[in-house]
Amino acid sequence: MRSPEALKPRETHRTPDWPGAELSMETIRAYLADLSGRGRRKGTVQMYSAKLRALYDYLPPDKQISRGTLAAWRAFLLEAGYSPSTVNTHLSAANGLMEYMGRRDLQLVGQLDAVPEIQPELTRTEYLRLLQTARTLERERIYLMVKVFALTGIRVGELPLLTAEAVETGWLSVSGEQRPIPGCLRRELLDYIARNGIRSGPVFVSRNGRSLQRTQVTAEIQSLSRDARVEAAKCTPRGLQRLYRATQAEIENDIRLLTARSYEQMLNTEQLAVGWENT
């Protein structure tokens, strides 16, 4: 394997009018090794590795980075539902890599405002329209993923926790909490697992067997949103998670109201029997 120094594009070999740079996983690994050699903490290097892998997966097949690439990637990440602070972290990793490659001209300068924006919320009717559209188009995998996010409230990073074993037991273990998989969803997942020969491990993986990238999951859901004519900004894993929380809160509020009314009715019945005014 070539040394990290050998992988660095030499400044003297670059002409000012070179339109872009080709990125390879070998260059990324060399950059990460360089960071480790300069004393960066293991956790930081691992975080950069994940961000740069996401950049590599985002690039077109020729893996070329041009002057507008990082700006387009930033817009894609924001549309995918990443917070501004998380996007800033992605760009910090990418800018560091451009520095390492001797291509400061490809960096994207400027931090996003970390104040969260108010996101449009997906309604229950729009959610059902997503499911109906997925059924009509026979897109079973995205149908199930939409349902998983909306009915369990898990985050996209927790999707690998949905394993064949978890579906079999009917419970998801999320951050030490046991979360039930609703019966209607579990039956559909069991059928999907059986037909696709999934014996163990995550239910949803890429063609090469790896966990799905967050951007890939979001892109698939938003592709469905266009067919369903639902605003794309609403159709993200985070949007479906918010729908789950809103639905749970509404049900809990209804239960509290029902409990209060039942309690009041019980007290009125008791009052008729033993109330002081009835003596």
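We did not get these values from a lab; they are worked out from the coordinates using the rules stated. Note that the structure is predicted; figures quoted are calculated from it, not measured. So basically every Cβ, Gly included, is an ideal-geometry build from the backbone, and we count neighbours across all protein chains shown.
List of remarks:
- Counting only alpha carbon atoms, the long axis of helix 140-152 and the longest principal axis of the chain meet at about 60°.
- Residue by residue, region 249-261 carries 3J(HN,Hα) couplings of 5, 5, 5, 4, 5, 4, 5, 4, 5, 5, 4, 5, 5 Hz when phi is fed to the Karplus relation 6.51 cos²θ - 1.76 cosθ + 1.60 (θ = phi - 60°); x denotes Gly or Pro.
- Normalised by 2.2 N^0.38 Å, where N counts its residues, the alpha-carbon radius of gyration of the chain equals 1.35.
- The calculated Kirkwood hydrodynamic radius for region 62-175 is 17.4 Å, given to one decimal from all distinct C-alpha pairs.
- Extension gain (nm, one decimal) between Y56 and T269, 0.36 nm per residue minus Cα-Cα: 69.8 nm
- Peptides ranked, highest mean first, by Cβ atoms within 10 Å: ranges 144-150, 130-136, 97-103: 144-150, 97-103, 130-136
- Semi-axes of the equivalent ellipsoid for region 121-279, Cα gyration tensor, largest first, Å: 40, 20, 13
- Most mobile listed residue (G43, G81, G96) in the chain, GNM with C-alpha springs under 10 Å: G43
- Within region 199-279, the GluC sites (Glu not before Pro) that combine a DSSP coil assignment with at most 15 other C-beta atoms in a 10 angstrom radius are E231.
- Peptides 236-247, 53-64 ordered by average Cβ neighbours within 10 Å, highest first: 236-247, 53-64
- Listed residue pairs exceeding 29 Å between alpha carbons, taken from K51/K147; K51/K234; K42/K147: K42/K147
- Evaluated at q = 0.19 Å⁻¹: base-10 log I(q)/I(0), Debye formula over Cα of region 168-239: -1.07
- Computed from the Cβ-Cβ distance with R0 of 35 Å, the FRET efficiency linking S36 to D191 stands at 0.15.
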